[in-house]
Amino acid sequence: MFRTIDLEINTDCNLKCSYCPNSTQYYRGKERMDPDLFLKAVVELGKLRYQGFLSLSLTGEPFLHPNLVDCVALAAEKAPHAKIVLFSNGIHMTRKIYEQIVSKIHSIRVTPHIELATSNANYLWPKGKIIIKQDSASEVLHNCCGTVDHSRAKARPKNCWVASYKMIHINFRGDALICCDDFLGEQAYGNIGSRSLAHIWRLMQNERQHISKGNYRLPICKRCNWLTGKESKCVQST
């Protein structure tokens, strides 16, 4: 079974980093996951007695969601064994929201993005469950399946983490993705509105085996600079 699951509760972000698809023509606007889809997912995780990580974000900034506190509370209620995590740039995280959710979450992982010189005292109080991940200008980044083209997406052959980590990613539409960089949702293995998470996970296993052997057959894999050693752009338009 998967050990990490992302539920993309919203797509919008307050930053436009050049290395993120949110700054490109593929930006998806301010979309929200349907509350019924979210409820179905967390209820199923509860029935599975899921004990892994549950991230309420994918490429969006979760603190922009108007009902984030309610989403966290519902996830904690329906999937009480899950470790709830939020990935954020920290800018919209206030002490008030933090205090409302801190007892229900495992951690908030904040990345100050140096490209935009983001700095916010909001997350500089005694850390508690806040983990700061410092951005580095020398770090080689991925090109998000060809949706971004920037200087830090240098070609570098690398083993795919899809084969190493047991992860499943659910975008705001409810589509289940094998790769967190599949920004456009090109390679979906069903939708949680009509299929169970357990069934979707089983559907992914054949492709995961191919990936573990270095057989990158999917179009999204063939455009990934980390796998192919090339910087191939995505040709799909919105």
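The Cα center of region 177-205 and the Cα center of region 45-68 differ in position by 16 Å. Near ILE131, the amide H atoms lying under 5 Å from its own belong to ILE108, ARG109, VAL110; only residues 5 or more places off or on other chains count, and H is placed 1.01 Å from N.
Taking amide H as placed 1.01 Å from N in the peptide plane, HIS169 has its amide H under 5 Å from the amide H of ASP6, LEU177, each at least 5 places away in sequence or on another chain.
Counting heavy atoms of the protein chains alone, MET167 has an accessible area of about 50 Å² for a 1.4 Å probe.
Specify whether the C-alpha gyration tensor of region 40-110 places it in the rounded, prolate or oblate class, a ≥ b ≥ c being the square roots of the eigenvalues: rounded for a/c under 1.5, otherwise prolate if a/b is larger than b/c and oblate if not. Here region 40-110 falls in the prolate category. Accessible area of LEU58 (1.4 Å probe, protein heavy atoms only, ligands and nucleic acids ignored): about 50 Å².
The values are calculated or read from the model by the stated rules, or taken from the named source; none is laboratory data. All figures in this text were calculated on a predicted structure; none of them were measured in a lab. What goes into the accessible areas is simple: the full protein's heavy atoms, side chains included, and nothing from ligands, DNA or RNA. Shrake-Rupley method; radii C 1.70, N 1.55, O 1.52, S 1.80 Å.
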